[in-house]
Amino acid sequence: MSQGRGSAVVAAAAAVLCLMVVTAEAATYTVGGAGGWTFNSVSWPKGKRFRAGDILVFNYSPQAHNVVSVNKAGYDSCKAQGGARVFSSGKDQIKLVKGQNFFICSLPGHCGSGMKIAVTAA
């Protein structure tokens with residue numbers, strides 16, 4: 001009987017340890033801070049540490065801007081490639097994937113005026 005009780009104690013202790021493990025919650029970042037997604041946003045990610053699963057919130061006027069998820073070539077050229085995902089709600093929430101994440105505003109001249117960000121998520 002003591003062997004069964006000992007196993008139950010070990011199982012209970014293991015369950016408590018599992019409950020004590022803290023799962024890291026995703027962080028939420030507002031791109032551009034209080035100013036939102038606007039021109040000269042390119043330096044906004046500097047000094048921040050991002051993780052896969054973190055949420056970027058893009059706040060902007062949907063009549064004036066958009067957000068396009070692009071690859072590195074699209075980021076460098078300021079051109080959305082075929083199949084690029086376009087967001088246009090003005091309050092877009094985008095979950096980061098592990099590795100590089102690139103976003104631009106595809107309206108003429110906006111990306112070239114710094115309305116683009118590159119974020120690397122661990």
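The values are calculated or read from the model by the stated rules, or taken from the named source; none is laboratory data. Everything numeric here is computed off the predicted structure, so don't read it as measured data. Cβ atoms come from the backbone with ideal geometry, glycine included; neighbour counts cover every protein chain shown.
Filtered by the rule that a residue be charged (D, E, K, R) and assigned to a loop (DSSP other than H, G, I, E, B), the stretch 69-122 gives K79, K98. Cβ-Cβ distances below 8 Å connect the following pairs, each with a first residue in the stretch 77-93 that is on the phi > 0 side of the Ramachandran plot and crowded, with 17+ Cβ neighbours inside 10 Å, a second residue that is part of a strand (DSSP E or B) and at pLDDT 95 or above, and a separation of six or more residues or different chains: C78/I104; C78/K116; G90/N59.
Which members of the stretch 46-63 meet the condition of being of a type outside the set (K, R) and loosely packed, with under 12 Cβ neighbours inside 10 Å? Break it down into steps so the answer makes sense when it comes.
Taking the stretch 46-63 first, the residues of a type outside the set (K, R) are 47, 50, 52-63.
Within the stretch 46-63, G47, S61, Q63 qualify.
I'd like to check something: does the stretch 19-28 contain any residue that is at pLDDT 95 or above, surrounded by 10 or more Cβ atoms within 10 Å (Cβ to Cβ) and at negative phi? Explain how you work it out, then say what you get.
Taking the stretch 19-28 first, the residues at pLDDT 95 or above are 27-28.
If we keep only those that are surrounded by 10 or more Cβ atoms within 10 Å (Cβ to Cβ) as well, we get 27-28.
Keeping just the survivors that are at negative phi gives 27-28.
Yes.
In the stretch 95-122, the residues that are on the phi > 0 side of the Ramachandran plot form Cβ pairs under 8 Å with partners that are outside any loop (DSSP other than H, G, I, E, B) and of a type in the set (A, V, I, L, M, F, W, C), at six or more places apart or across chains, as follows: G99/A121. The set of residues from the stretch 45-62 being under 13 Å from the mean Cα position of the chain (by Cα) and over 13 Å from K91 (Cα atoms) comprises P45, K48, R49, F50, R51, A52, G53, D54.
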